[in-house]
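Visitor: Okay, here's the structure, questions in a sec.
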Amino acid sequence: MPHWWLKSIGAVVVGFPLGLFTSGLVSFAFLGNTPLDVKSQFMMWWITPIWLLLIALIYFTHRPRRTLFVLSFVVVIEYGLLQVIR
């Protein structure tokens, strides 16, 4: 179906930054005193489940454009929060 392309590309393009920024926020919020090598490994492996969850969940929506717009908005908000925290 034609909407599968939109869902697939959107989930990959929007899902990765969302996973990356979410792991960054978790790192700043909860892992402040953790050693850097443990923290970096934990955050590296935290990105994948978030990203794959978004890729899987986007196929349950009936309106992929609206879902991608909302996810894009969340990515922008998380990016802004990371810039403020830094």
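Readers should treat all values here as calculations from the given coordinates under stated rules, not as data from a laboratory. All figures in this text were calculated on a predicted structure; none of them were measured in a lab. Here Cβ is always computed from backbone atoms with ideal geometry, including for glycine, and neighbour counts include all displayed protein chains.
Visitor: Based only on other Cβ atoms within 10 Å, what is the fewest-to-most ordering of Ile50, Ile9?
Guide: By the 10 Å Cβ count, ascending: Ile9, Ile50.
Visitor: According to a simple spin-label model (label point 7 Å from Cα along Cα-to-Cβ), what is the distance in nm between Thr61 and His3?
Guide: Each label point is offset 7 Å from its Cα along the Cβ direction, giving 1.1 nm.
Visitor: Which three semi-axes in whole Å describe the equivalent ellipsoid of the range 14-86, each the square root of 5 times a Cα gyration tensor eigenvalue, listed largest first?
Guide: Numbers: eigenvalues 130, 43, 8 Å².
So the equivalent ellipsoid measures 26, 15, 6 Å along its semi-axes.
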